[in-house]
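Here's the structure we're looking at; comments come further down.
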């Protein structure tokens, strides 16, 4: 009977974890969606770029929306503006300043400091250690061991899975709306074929993508944690840019790498959270079961 009750609790926790959740982290409110189907295979279709991308071994959460100027400004008010070397990775302010527009002109280094602050309350402590010479050291496992829930820039696999992996685990779609045909501009997504010449307020389109996110196609490019080539880091998802043909970057086949120092008016990011909270709860339940049995 005791074993049955324990299993019932575990099933309940795992079910609840599949819903949208909201964290208030050091006064900053962030909505997340859980990305399940842990251990999924990577994308091996003809559209995959890179081949095999999207395989993730554990459940995690990713921001429902891109980080907004309101969230970014709350961070800088509490922790101070990100600083470091080289100085040109930290020398720009947002070009588009609307409260609910995605924050922009943010380098990879600055995004990493935002995540560190969410994790530890200190922009220098968390999954990312940024050297005075511009070097980058990433240690998620150490951050999780020290702080528990750890906030990070999503890896390329995590970002790709959240955008293109179908929630019924049947495979990958070419676009984040679950289809293999490009969606109409303005009808949920802000990209070059539409009427907008700026990023819109996050979620303005009103149509959730297949895993519950918004704006993983268009609005602003989004940083990935993963090394792209050399010292570059990946950005994915395209932007509001009016350049003809830019819609190719909305697809799973679209992939771009830039210097982590770059600060672009059309580049922002969204946050991921690891491990997925149910993992922590289940680990706690496991410890409780062991104590009860002993």
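Any read-out appearing in this document is the output of simple, stated calculations on the displayed coordinates, not a laboratory observation. Not measured: the values here are computed from a predicted model. Positions of Cβ are backbone-derived with ideal geometry, glycine not excepted, and every protein chain shown enters the neighbour counts.
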Quiz prompt | Alpha carbon convex hull of region 67-106, volume per residue in cubic angstrom | solution = 57
Quiz item: Of the peptides 171-182, 217-228, 127-138, how do they stack up when ordered by the mean number of other Cβ atoms within 10 Å, highest first?
Solution: 217-228, 171-182, 127-138
Self-check item: Mean Cβ count within 10 Å, highest first, over the residues of peptides 112-119, 195-202, 207-214
Solution: 112-119, 207-214, 195-202
Practice problem: On a 0 to 90° scale, report how tilted helix 69-79 is relative to the longest principal axis of the chain, with both axes built from alpha carbons and the result rounded to the nearest 10. | Solution: 70
Quiz item: Modelled label-to-label distance, residue 136 and residue 179, 7 Å Cα→beta-carbon offset: nm?
Solution: 3.4
Self-check item: Residues of region 19-47 with amide N under 16 Å of the 7 Å Cα→Cβ point at residue 70
Solution: 22-32
Exercise. Name the residue, out of 86, 277, 167, whose mean-square fluctuation peaks in a Gaussian network model built on the chain with Cα pairs under 10 Å.
Key: 86
Quiz prompt | Neighbour-count ranking [beta-carbon atoms within 10 angstrom, fewest first] of 236, 26 | solution = 26, 236
Quiz item: Helix 2-16 versus the longest principal axis of the chain: what is the Cα-based angle in degrees, 0 to 90, to the nearest 10?
Solution: 10
Self-check item: Binned Cα-Cα distance frequencies in region 120-184 - 10 Å width, integer %
Solution: 19, 32, 23, 22, 5
Quiz prompt | For region 64-86 versus region 146-185, the gap between their alpha-carbon centres in whole angstrom | solution = 24
Practice problem: Per DSSP H run of n ≥ 4, the term is -39500 (n - 2.57); total these for the chain, divide by its residue number, and report the mean residue ellipticity at 222 nm rounded to 500 deg cm²/dmol. | Solution: -7500 deg cm²/dmol
Quiz item: Once the Cα atoms of the chain are picked out, what are the Rg and Dmax in Å?
Solution: 19.1, 67
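Calculate the FRET efficiency for residue 253 and residue 37 from the Cβ-Cβ distance with a Förster distance of 25 Å, rounded to the nearest 0.05.
That gives a FRET efficiency of 0.70.
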Quiz item: Per 5 Å bin from zero, what fraction in whole % of the C-alpha pairs of region 144-246 is there, up to the bin with the longest pair?
Solution: 2, 13, 19, 21, 19, 14, 7, 2, 1, 0
Quiz item: Between residue 78 and residue 93, what length in nm is gained on full extension when 0.36 nm per residue of separation is reduced by their alpha carbon distance?
Solution: 3.7 nm
Quiz item: Could you give the nm distance between label points at residue 186 and residue 125, where each point is 7 Å from its Cα heading toward the beta carbon?
Solution: 5.1
Quiz item: When the chain is treated as a GNM, springs tying every alpha-carbon pair under 10 Å, which of 215, 168, 157 comes out with the largest mean-square fluctuation?
Solution: 168
